[in-house]
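Throughout, read-outs are computed from the coordinates displayed, never taken from laboratory work. From a predicted model like this one, the values you see are computed outputs, not experimental measurements. As a convention, Cβ positions derive from the backbone with ideal geometry for all residues, glycine included, and neighbour counts pool all protein chains shown.
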Ligand code: EPZ
């Protein structure tokens, strides 16, 4: 198992290129199974989650390969085992988004019900509600979701809102199934995340008929078949946001290449409130910070609101603010595994249900800490860059799920991170 040794405090400066989006790549990989033939996906990052998803598709019968160019090819001509197996799905919840495409193409699908998650309760009831509205019969069998529509799916008007607003992968699942349904589907309260937009654009390039993309009301006119695609995924706005916080928390100066600031306005707005400079610089985005960190209140919301996937990273930054900040988690109310770990580094955080009061401190002090999930581990690495001494982050495999060799990207910018295998 790998751990990180992180020397701090450091000051980061230089240029870094943002990778393609993990959360756009996963559903787009699933979309390729809607058709026969070989698709080519460009800019898909080399992450453990992508490798797990590739294995999932491989088990269905697809041929998945990394081309010498680094692009990902998926040949989904033969799918002889339309089953999402437990031993893969239990590793990664996003596997559930093969359900819609399999059902859409074959009229049958069997996918393991996703289990528990460190960031909180994550049911898939809305996914199933949407697929049932398209005419599928769905039941649970030995921990597997079984979905059947032997005569194919039929378009319908579906409200897909839930207790916490829209659902990203729920919208993806239902939208993909609806592309091959008879007639027209309207999804109300659809998720508007850039990753959902990227998926819809990819589907339209495959021959789907989707309109209202980027709005909470999607209209999908079913077609009889789709074709393979050559598609480049969007940059990873969460990785970009993590690098922006890295610049801020180290009073540094970074130039981010391949960064789409238009996907990150809520994040950039918050950084500017905190006193961080964020501005376009040619084909890059320059992020710089000197002086004190101003406190700020943050409430996570569905896009275009502040993303829950940057809540932990901003908590690490605001733990060094010149005053108190209030952070409210409205998407995953229990997503606070990083709070106790940051407090071990001398932060002063108090959790009250879905709210954390962040009382800013002068400095963070290095300590051994435990990563619990992807974004919490990113927050611990950022805290380690600013803390005095050597921070040891355990269970680094969490961060490898969403950041490609992060130490090899940060060390050239001035970080001192060692990966050690214990
Ligand atoms: C996606 O997860 C992302 N994952 C998550 O990123 C991200 O945190 C989340 O969207 C919110 O932005 C991927 O794209 C692979 P949701 P998803 O369905 O689709 C509730 C990361 O760090 N809900 O939008 O699973 C749910 O419990 C990951 O990269 C239901 O109640 O999230 C949550 O409270 C972590 N019933 C809320 O809706 C359902 O059927 C939003 O979840 C579905 C969801």
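Things worth noting here:
- Size-normalised alpha-carbon gyration radius of region 149-199, reference 2.2 N^0.38 Å: 1.15
- DSSP-defined beta bridges in the chain - what % are antiparallel, rounded to 5: 75
- Among 164, 4, sorting on how many other beta-carbon atoms sit within 10 Å of each Cβ, with the fewest leading, yields 164, 4.
- Where only DSSP H runs of four or more residues are counted, the chain gives -8500 deg cm²/dmol as its mean residue ellipticity at 222 nm, each run worth -39500 (n - 2.57).
- Shape descriptor for region 188-293: Rg over Rh equals 1.12 (Cα atoms; Rh from the Kirkwood inverse mean 1/r).
- Relative contact order computed over the chain (Cα-Cα under 8 Å; 6+ residues apart), in percent: 21
- Kirkwood Rh and Cα Rg combined as Rg over Rh, evaluated for region 166-246: 1.04
- Multiplying each eigenvalue of the alpha-carbon gyration tensor of region 44-89 by 5 and taking the square root yields semi-axes of 19, 14, 5 Å, largest first, rounded to whole angstroms.
- Relative frequency of Cα-Cα separations exceeding 20 Å in region 361-422, percent: 19
- Evaluated at q = 0.17, 0.19 Å⁻¹, the base-10 log of the normalised Debye intensity for region 276-348, with identical point scatterers placed on the Cα atoms, takes the values -0.75, -0.90.
- Between residue 273 and residue 416, the simple spin-label model (points 7 angstrom out along Cα→Cβ) gives 3.5 nm.
- Cα-Cα pairs of region 34-114 separated by more than 18 Å (percent): 39
- Fraction of C-alpha pairs exceeding 20 angstrom in region 1-141: 53 percent, rounded to a whole number.
- With 10 Å bins beginning at zero, the pair-distance distribution over Cα atoms of region 204-251 amounts to 20, 27, 26, 17, 9, 1 %.
- Residue exposure sequence - 215, 251 - by fewest surrounding Cβ within 10 Å: 215, 251
- Grouping the Cα pair distances of region 230-362 into 10 Å bins from zero gives a pair-distance distribution of 13, 44, 33, 9, 1, 0 percent in increasing distance order.
- Each 10 Å bin from 0 upward holds the following percent of the Cα-Cα pairs of region 97-188: 18, 53, 26, 4.
- Helix 265-274 vs. the chain, principal-axis angle (Cα, 0 to 90°, nearest 10): 10
- Mean separation of Cα contacts under 8 Å, 6 or more apart, over the residue count of region 277-350: relative contact order %: 28
- Geometric extent, Cα atoms of region 306-422 - Rg, Dmax (angstrom): 13.6, 39
- Neighbour-count ranking [beta-carbon atoms within 10 angstrom, fewest first] of 403, 231: 231, 403
- Restricting the calculation to Cα atoms, region 176-216 shows an Rg/Rh of 0.93 when the hydrodynamic-style radius is the Kirkwood one.
- Between helix 374-386 and the chain: long-axis angle, C-alpha atoms, 0 to 90°, nearest 10: 20
- Judged by the mean number of other Cβ atoms found within 10 Å, the most tightly packed of the peptides 276-282, 133-139 leads the ranking 133-139, 276-282.
- Compactness relative to 2.2 N^0.38 Å, alpha carbon Rg of region 335-383: 1.07
- Euclidean distance between Cα centres, region 146-214 to region 93-123, Å: 15
- Relative contact order [Cα under 8 Å, 6+ residues apart], region 346-386, whole percent: 31
- For the peptides 217-225, 311-319, 183-191, residues were scored by their other Cβ atoms within 10 Å and the scores averaged per peptide; the highest-first order is 311-319, 183-191, 217-225.
- Using all pairs of distinct alpha-carbon atoms, the Kirkwood hydrodynamic radius of region 318-362 works out to 10.5 angstrom.
- Computed from the Kirkwood radius of its Cα pairs, the Stokes-Einstein diffusion coefficient for the chain at 37 °C and 0.692 mPa s stands at 150 µm²/s.
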